[in-house]
Each structure stands twice: as C-alpha cells, then as structure tokens.
Amino acid sequence: MKQILLSCIGTTDPVRGEHDGPMLHILRYYRPESAWLIFTPEMRELAMKDGRFERTLEWISAHWNGYRPDFRYEELSVRNAHDIDALDIPIHEVMTRLARENHDAEILVNVTSGTPQMQMILSQLVTDIRYRAKGIQVINFEKGAGRSQRANHSEYDIELELECNEDELPEAENRCVEPEMYAIRRQFLRRQIVTLLDDRNFEALEKLKESLPENVRALTMHLAARSRLREKPAKQLADEVKGLPFKLYAYKTGSRREYSDASEYYLMMKNLVKTGNYTQFLLHLEPLTLTLQLAQLDRLLNKTGGEIDKFISRERRRLFYPDRLKDVRPDLYRHYEKIMNERRWEIKQNEASTMLCDDLISFFPDVPPRSRSLFAHYAGLKDLRNRLAHTLVTVTEEEIKDACGITSDKLLKEIEDVIRICYPACDPVIFGVYDECIEYIKSVI
C-alpha cells in the first residue's frame with residue numbers, strides 16, 4: 001500500500017546530536033513515497049535560512065540508493081506552537097486534505113516531533129477512524145531527556161550533522177515503535193462500525209457519518225436512504241460516491257424502471273432476513289409476491305396475445321375488472337368463472353390479490369417452474385402472514401419453514417430467480433450490492 005508520512009517539524013528535525021530526528025528516522029525505515037511536513041513560522045524560517053530540508057533530501061538520495069521522497073511543506077500561521085486550541089483546526093485541515101488527495105494511502109503519523117501540544121493533536125488523528133493512519137513513535141537515542149544541541153541552536157550545522165549521523169552505521173538500531181494503544185483504540189472503533197454493518201443498521205451508521213472516512217461517508221448515507229426505499233436521495237448520493245470497484249445500480253437493457261421497484265423492495269427484504277427480522281420479512285412478502293405474480297401473468301398473457309392492463313389497473317390501486325377480462329380473454333374468464341363457482345363466490349370488481357393471481361396463472365400450462373414454486377410456497381405462508389397482520393405475535397425461521405416447507409434463504413433465492421424471469425432487463429449483479437458495499441467499507445476503515 002502507498003504510504004505517506006505526516007510530520008510536524010520540531011527542534012529535533014531533521015538531525016540532532018548526530019542522529020536522525022524522528023522525521024528522518026521514519027523515512028529511513030519506512031520509505032514512504034512522500035512526506036507532508038508541517039512547520040510553524042519559526043521552524044519554517046530556520047529551515048529556509050540554511051535550506052536544511054532541501055539539503056537533507058539531497059543527502060538521502062545520495063546515501064539511500066536513490067530513494068527520494070517528495071517533500072510537501074505545510075506552513076501554519078500559528079506562531080505559538082504551544083497553543084493547542086490554535087493548532088487544532090489547522091493540523092486537522094492538513095490531515096483532511098492529505099487523506100482526500102490520497103484516499104488509497106496509509107498515513108504514517110510522526111507522534112514524536114513538535115511540541116507536546118502538536119503530539120497530542122496528532123495522537124488524536126491516529127485514533128480517528130476517518131483516516132487510514134498509523135502512529136509511529138521514535139525513541140530518543142539518548143534514552144532520556146535530550147541533552148544534545150537542538151536544531152534551533154545558533155551553531156547548528158546541517159552538513160556536519162548529516163555527515164556524522166551515527167544512524168548510518170550498520171549496527172544502528174531501529175528506534176521506530178508503533179504504540180499498541182493507537183491500534184487498540186482504532187480497532188475498538190472499527191469493531192463498532194463493523195458490528196453495525198453486519199447488523200445492516202445503516203440508520204445508526206448514518207448518525208455516525210462524521211466519524212467515517214470521507215470516501216465512504218456518502219456510500220453509507222446512500223445505503224441508509226436506499227434501505228428505506230428513498231429512491232431519489234439514494235440516487236443523488238450514489239452520484240457522489242467515487243472510485244467503487246462495482247456498480248451501485250446495474251441493468252442490462254431497457255428501462256431500469258421496469259424492475260427497480262421489485263428489485264429494491266427485494267433487497268430491503270433480504271436485509272431483513274440477514275438480520276433475523278423474520279416478522280417484517282413475512283409481512284413484506286405479500287406485496288412483493290403480488291407484484292411478481294402480476295409481472296408473470298403479464299408475460300404469460302403476452303405470449304398468447306393478451307394484455308394485463310386491459311383488465312387489471314396497475315396504478316395506485318391494483319383493481320381487477322372481471323367484465324373487461326371477459327371481453328379480452330373469454331377463455332381465461334371461463335377458467336376463472338369455474339373456480340369462483342366451485343367456491344360459490346361472487347364475481348365482482350375488486351382489488352387484485354395473490355389468490356386472484358394464483359387462479360389466473362393456473363390457467364397457463366407453461367408457467368416457469370421457479371415461479372410456480374415461489375407462488376405455491378407463499379400460498380403456504382398465507383395463514384401465518386395473516387395471523388401476523390392481525391395479532392401481536394412474531395414469527396421465527398422455524399415457523400416459516402414449517403408453514404411452507406423451505407427456509408427464508410431458499411425463499412429469497414426463488415424470489416431472485418423469479419425477478420430474473422419476469423424482468424429480463426434485470427442484471428443479477430444487483431442482488432449482491434449491499435454485500436459488496438459492506439465488504440468495501442470494511443476494507444477501507
């Protein structure tokens with residue numbers, strides 16, 4: 001992974017007491033591609049006076065097999081390097097810009113250079129889950145309080161310090177340490193986010209958006225809107241998400257509108273099963289099954305010259321008009337009439353239902369087996385679903401299996417198959433979009 005060093009510059013940088021300062025020592029052992037160096041006006045004035053960082057860069061290139069990191073200088077306007085309130089926002093702004101411009105990089109944060117106040121701010125940045133950061137502490141070569149001349153001493157000689165640098169000796173030790181406290185804190189925060197992702201609790205994640213890395217913030221908000229079936233804001237947020245290795249919306253040919261309602265509703269139900277919310281899953285199964293039955297019936301009718309819209313309105317209310325069916329498809333009407341007579345039920349205009357669709361679909365001999373299977377399994381769940389709709393009870397996975405003979409996961413698979421049958425424009429890639437989003441977010445936090 002690409003690495004970039006973020007370092008405040010203090011009076012131990014770049015070299016002090018003929019040893020690497022913390023910034024130079026991290027460059028020696030990690031070899032990041034570039035380094036963002038933060039200066040106060042005082043430290044920048046010292047650096048410009050003798051060109052110590054430019055000369056250090058030339059020395060690095062000459063002594064470290066041509067390694068030449070890109071130095072980027074960030075000068076703060078804060079003159080008091082001990083004023084933590086004044087330093088906080090400018091240092092955060094540098095870190096945010098660095099992360100935004102290099103979202104695929106690991107940021108190595110030097111938590112040793114600079115004033116104690118700078119070190120405190122940088123330590124907070126390391127534990128902030130918004131940034132892919134690693135804190136690096138450099139142990140003082142004097143094993144205690146420093147006694148050697150600092151880099152702001154009037155007699156400081158950068159050329160002498162570099163040429164006499166004892167860290168160049170073969171037996172010199174690596175004084176870089178990655179404190180566990182940073183990793184433990186970051187891991188704790190990451191576990192919280194991963195738990196919410198695994199629970200598909202996108203609304204809770206949405207509330208934590210300011211704590212999320214910038215490159216996944218819009219994606220998380222997109223998932224929250226999408227899981228609530230808020231199509232317009234979900235699509236707007238999808239346009240803000242950049243650099244994903246997969247598509248948030250996928251379709252083959254034709255209009256996405258043709259199947260988007262069914263597929264998005266199905267994805268919401270899939271999330272319910274993933275989180276063990278079988279009660280809500282079963283309650284939502286009725287409208288989705290009816291939608292798929294109408295789509296399947298439409299395809300069967302089109303094969304034989306009929307048009308479903310001539311006798312079932314599919315606007316706000318799905319109304320069935322038996323008289324219209326009698327006019328456009330008398331053979332199908334006779335089939336339906338026979339069923340109703342056997343039940344001794346009156347034939348009348350009514351809202352379309354899953355039972356009506358079952359009756360009409362049973363007329364056709366060439367119903368796809370997966371469609372026939374799904375509709376039969378849902379018929380087995382009707383009593384359980386009706387009980388849920390009218391009583392204060394919940395349902396378990398075992399009850400679903402006992403009622404229809406298969407598990408909710410197998411029901412989901414049948415729904416996927418029927419969506420593909422009824423809507424040929426549907427790209428099955430869409431069925432894994434939540435899983436891919438979740439794995440992507442996990443990979444970048």
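The values are calculated or read from the model by the stated rules, or taken from the named source; none is laboratory data. Remember, predicted model here, so these are calculated numbers, not experimental data. For neighbour counting, all protein chains shown are included, and Cβ atoms are generated from backbone atoms with ideal geometry for every residue, glycine included. Just the protein is used for accessible areas: all its heavy atoms, side chains included, with ligands, DNA and RNA removed. Shrake-Rupley method; radii C 1.70, N 1.55, O 1.52, S 1.80 Å.
Using alpha-carbon pairs under 8 Å, 6+ residues apart, how would you state the relative contact order of region 118-230 in percent?
Once normalised by length, the contact order is 32 percent.
So, taking all protein chains as they sit and a 1.4 Å probe, how much accessible area belongs to LYS413, in Å² rounded to tens?
90
Net charge near ARG185, counting Lys/Arg +1 and Asp/Glu -1 over other residues with Cβ under 15 Å of its Cβ?
+3
Could you point to the label whose value was computed as volume of the Cα convex hull per residue in Å³ for the structure here, given [x] 195; [y] 149; [z] 185?
Read-out from the structure maps to [x].
Normalising by the residue count of region 1-138, find the relative contact order in percent from Cα pairs under 8 Å and 6+ residues apart.
Dividing the mean separation by the residue count of region 1-138 yields 31 percent.
Given a cut-off of 20 Å, what percent of all Cα-Cα pairs of region 342-445 lie beyond it?
Roughly 58 percent, once rounded to a whole number.
Here are some pairs, LYS270/LYS401; LYS303/LYS410; LYS134/LYS274; LYS310/LYS382; LYS232/LYS303; which of them have Cα atoms lying more than 24 Å apart in this structure?
Long pairs (Cα-Cα over 24 Å): LYS303/LYS410; LYS134/LYS274; LYS310/LYS382; LYS232/LYS303.
LYS49: which aspartates and glutamates have alpha carbons under 14 Å from its alpha carbon, excluding same-chain residues fewer than 8 sequence positions away?
GLU155, ASP157, GLU159
Taking +1 at the Cβ of each Lys and Arg and -1 at the Cβ of each Asp and Glu, which of THR289, GLN349, ASN80 sits farthest along the dipole of the chain towards its positive end, judged by Cα position relative to the Cα centre?
After comparing all options, I get GLN349.
Calculate the spin-label point distance for LYS207 paired with GLU42, positioning each point 7 Å from the Cα along the beta-carbon direction, and give it in nanometres.
4.5
Could you please state how large a percent of the accessible area of region 316-445 is carbon and sulfur, counting protein chains only and using a 1.4 Å probe?
Taking all protein chains in place, region 316-445 shows 49 percent carbon and sulfur surface.
Simple spin-label model, 7 Å along Cα-to-Cβ: GLU33 to THR394 in nm?
Going by the 7 Å Cα→Cβ label model, 4.9 nm.
When the chain is fully extended, how far beyond the present Cα-Cα distance does ILE139 get from GLU439, taking 0.36 nm per residue of separation?
Additional length available on full extension: 104.3 nm.
Can you work out the FRET efficiency for the pair LEU283 and GLN192, with r the C-beta to C-beta distance and R0 = 45 Å, to the nearest 0.05?
0.90
Given the whole protein assembly as supplied and a 1.4 Å probe, what does the accessible area of ARG343 come to in Å², nearest 10?
Using a 1.4 Å probe on the heavy atoms, I get roughly 80 Å².
Just to verify a number: FRET efficiency for GLU155 and LYS2, C-beta to C-beta distance, R0 = 35 Å, to 0.05?
Efficiency, rounded to the nearest 0.05: 0.35.
Would you list SER260, SER227 from the most to the least accessible area, probe 1.4 Å?
The ranking, largest first, comes out as SER227, SER260.
Can you tell me how region 1-118 classifies by the Cα gyration tensor, rounded, prolate or oblate, using a/c under 1.5 as the rounded cut?
In terms of gyration-tensor shape, oblate.
Which value in deg cm²/dmol, rounded to the nearest 500, describes the helix-derived mean residue ellipticity at 222 nm for the chain, given -39,500 (n - 2.57) per DSSP H run of n ≥ 4 and division by the residue count?
One gets -17500 deg cm²/dmol as the mean residue ellipticity at 222 nm.
THR112 accessible area, nearest 10 Å², 1.4 Å probe?
40
When the chain is fully extended, how far beyond the present Cα-Cα distance does LEU244 get from LYS49, taking 0.36 nm per residue of separation?
65.6 nm
List the residues, sorted by chain then number, that are 5 or more residues from GLU75 or on another chain and whose placed amide H is less than 5 Å from its amide H.
The answer is PHE39.
Rank these residues by their accessible area, most exposed first, probe 1.4 Å: ASP104, ASP13, ASP331, ASP85.
ASP85, ASP104, ASP331, ASP13
Which residue fluctuates most in the GNM of the chain (Cα springs below 10 Å): GLU203, GLU75, GLU155?
Checking each option, the largest mean-square fluctuation is seen for GLU155.
Would you report the distance distribution of C-alpha pairs in region 275-320 as whole percents per 5 angstrom bin, up to the bin with the largest distance?
It works out to 5, 20, 22, 19, 13, 9, 7, 4, 1, in whole percents.
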